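Reading through the structure tokens given below for one structure.
Each value in this text was obtained by applying a stated rule to the coordinates, not by laboratory testing. Here the structure is a predicted model, which means the values were calculated and not measured. Cβ coordinates were reconstructed from backbone atoms using ideal geometry, including for glycine residues, and neighbour counts include every protein chain displayed.
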Amino acid sequence: MHDEPVSALDVSVQAQIINLLKEIQERFNMGYVFIGHNIAVVQHMAHKIAVMYLGKVLELCDSSKILTESVHPYTKALMSAFPVPDPSYEQEEIKLGGEIPSPINRPSGCSFHPRCESVIEKCFVWNLNSGRFGIVILQRATWWASKQDLLSQCRVELY
């Protein structure tokens, strides 16, 4: 497990550490749990990215598709703030409103619903991170298509 392993390092030192971690990963055929806030670093290190809010997983996506195919409103907002090194790429930044709920007293259902502009009734009750057999991770959940439609393209994985 690597929790922000390069966040406090100079960019050149970051690159050296990241390359060393990748080399070790390939040599010993091992996986990492890599926690970070720099999406470029996380994308480089990961095959899959789990987006969390208040300690709960909201979306799990292939790292190569996180910028273009994320579907949860919180993930979309995060990705809209990420600078893309392509002058022709245009994306409007999504501004989040509302207050961040207390992590001690999380809201019911999806923990992002108090700040979500696409909230629907199901968001208040559906807790995606608990289940009879362990942690349930929502993968590729499409919450909101229009003001009337909820797309049911959910697939969960039990761990």
Of 55-63, 75-83, 28-36, ordering from highest average Cβ density within 10 Å down gives 55-63, 75-83, 28-36
For residue 48, what residues show an amide H to amide H distance below 5 Å, using hydrogens built from the backbone and excluding near sequence neighbours?
63
Under 18 Å from a point placed 7 Å out from the Cα of residue 63 along the Cα-to-Cβ direction: which residues of the range 83-108 have their backbone N that close?
83-85
When each of 22/56; 48/95; 48/122; 56/76 is checked by Cα-Cα distance, pairs over 20 Å
22/56; 48/95; 48/122
